[in-house]
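No lab work stands behind these numbers, since they all come straight from the coordinates. Just so it is clear, the structure is predicted and the values come from calculations on it, not from any experiment. No Cβ is skipped: glycine too gets one built from the backbone with ideal geometry, and neighbour counts run over all protein chains shown.
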Amino acid sequence: MAVNWGGLICVAGFYVTILAVGVYASTKTKGITSINEVMLAGRNIGLLLGVFTMIATWVGGGYINGTAQSVYDTGLWWTLAPFAYSCSLIINGLFFAKTMREQGYVTLLDPFQIKFGRGMGGLLFLVALCGEIFYCSAILTALGYTFSVILDIESNIAIIVSACIAMSYTLFGGLYSVAYTDVVQLVCLFFGLWLAIPFAFTNEHVTSIVETSSTWRGTWDNRYAGVWCDYILQLLLGGLPWQEYFQRVLSAKSVRNAQIMSYAGAIGCLIMTIPSFIIGTIATSTNWTATEYKQEITDSNIVLPLVLQYLTPKFVSIIGLGAVCAAVMSSADSTILSISSMFSRNIYKHLIKQNASEKEVIWVMRISIIVFGAISITLAITVDSIYGLFYLCTDFVYVILFPQLVSVVYIDFTNTYGSLSAYIIGLILRLGGGEQLLKLEPFIEYPFFDNGEQLFPFRTFAMLISFMILILVSRLFQYIFTKEILDKKWDVFKCVVNIQREVEDTLKIKYVHVADRLDENPSVDTTL
């Protein structure tokens, strides 16, 4: 198959448009050296723009390609991510958005470093980093497959070019550029996929999905009930502690807006999932050997682009490709910005160089965008499964970061001793279960272990044990120090009786909090 030059020109035009919007939005931060302005758009994101950027951030290439892939592979029974991620937005809106926005934090890791110390915050950053990198890689992998099918372009080239464009406008525009381009990208995604569905449905080689319902619904096997529960809880609760989400919540004009963005985002994510579900069912109902593809699908990663390429007219497939490009870039730019924001503020500013100026931190953030973008590109090129990466991105976040998030928001007595113990135990228990996608063999055989396969919900078990360790060890050290069973000099983390908080960082966060509250209510008590 020859390169589709007409399609390539159309996609290039789309990329130029996105780049132009991103560059225009970046003028809002020209000459600005404020972290709040670059990372959080001055906490001035309105409700409508906030809803658009919230939806676009979650509905990425991995989301739409991965959903179609999962429906084709295992059916609706096992296509859990769209429902779980949508519910996680509602949970965040109910239990975390209000507190985080009221406190005026800049990143997700701020409350962790205030409560558990800079060093512990740095360790937790590594978990968040893994989740973000895997997520971004899933997004870019989806794009590479789509390009290779529809345009007959080398997938690696598509991955590199698309990531570089997303990084370029994020580099100088920060959250402003990301949010403004999200609007364009989400509109393109919605119309591009819905346009393709009528053509694919009515293709002569597609059997009625009513007749093939037993295939696309999937089958239930009680043997895998524990695995199913494990996955749904992992996606639901592991979808809570994400910087992309909190970056939008913390940038909202008010607490009320932050919560509404969460609920509206959940509804929007479900709506945007429908085309991918339908495309997956169409793929299972197609006689592929009768199409120009002339063979059965052996690589389910390319289910969505195959439907666009062989079941719709050429112009529709190109528009559909534009939709996938939009989805990829809308999430890739958000993810890279999120990682870089946490690194520059919570690692560089709080751990490496505490007297760094805001201008210096912003430049570190820009360099980080390039570095983490390059890492994501490398992983996208070397790992095969889109949906596998999509699951894996929430894995360590669920086991380690979720219990810690609950503790910093709702449990007063937890401390660094409990946090570190829970981190170590959770990591050992999770790694012990193995990971096929990373070629990691299990070294712990959980109950119902069968021929190298973990049928026990070991991820949830690891999360619960990690949570329990966090609470029990924290309470233990609180008791032995406050009751003077151990002298306070042994409080080496300085978090129970020999407290030596990062006063400067804490006050900075509180000053931001006071300023925000004054904007919303001038009569508020400003006592620190």
*With +1 on each Lys and Arg Cβ and -1 on each Asp and Glu Cβ, and nothing else charged, work out how big the dipole of segment 5-393 is about its Cα centre, in Debye to the nearest 20.*
1440
*Just the C-alpha atoms of the chain: what Rg/Rh do they give, with Rh taken as the Kirkwood radius?*
0.99
_Cα-derived Rg over Rh, computed across segment 266-382 with Rh taken as Kirkwood radius_ = 1.18
*Each residue of segment 331-347 in order: what ³J(HN,Hα) in whole Hz does its phi give by Karplus 6.51 cos²θ - 1.76 cosθ + 1.60, θ = phi - 60°, with x for Gly and Pro?*
9, 5, 5, 5, 5, 5, 5, 5, 4, 5, 5, 5, 5, 5, 8, 7, 9
*For segment 201-314, go through all pairs of different Cα atoms, get the mean of 1/r, take its inverse, and jot down that Kirkwood value in Å.*
17.5
*asked:* Going by amide H atoms built from the backbone, whose H comes under 5 Å of the H on Ile411, apart from near neighbours?
replied: none
*Under the Karplus relation 6.51 cos²θ - 1.76 cosθ + 1.60, θ = phi - 60°, what is the ordered set of whole-Hz ³J(HN,Hα) values for segment 12-27, x standing for Gly and Pro?*
4, x, 5, 5, 4, 4, 4, 4, 5, 5, x, 5, 4, 5, 5, 5
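Sort Glu292, Glu37 so the one with the fewest other Cβ atoms within 10 Å of its own Cβ comes first.
With the fewest neighbours first, Glu292, Glu37 line up as Glu292, Glu37.
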*Consider just the alpha-carbon atoms of segment 1-116 and return their Rg together with their Dmax, both in angstrom.*
19.5, 58
_³J(HN,Hα), Karplus 6.51/-1.76/1.60, whole Hz, each residue of segment 152-164, x for Gly, Pro_ = 6, 9, 3, 4, 5, 5, 4, 4, 5, 5, 5, 5, 5
*So how strong a dipole does segment 35-122 carry about its Cα centre when Lys and Arg Cβ are +1 and Asp and Glu Cβ are -1, to the nearest 20 debye?*
260
_Distant-in-sequence amide H partners of Glu435 (H built 1.01 Å from N, under 5 Å)_ = Leu440, Glu441
_With n ≥ 4 as the cut-off for DSSP H runs, can you work out [θ] at 222 nm for the chain, using -39500 (n - 2.57) per run divided by the number of residues, rounded to the nearest 500?_
-23000 deg cm²/dmol
*Ile428, Ile45, Ile377 arranged by Cβ crowding within 10 Å, fewest neighbours leading*: Ile428, Ile377, Ile45
*Please list 114-122, 485-493 highest first by mean number of surrounding beta-carbon atoms within 10 Å per residue.*
114-122, 485-493
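For segment 57-167, state the semi-axes of the equivalent ellipsoid (square roots of 5 times the eigenvalues of the alpha-carbon gyration tensor), sorted largest first and rounded to whole angstrom.
32, 20, 12
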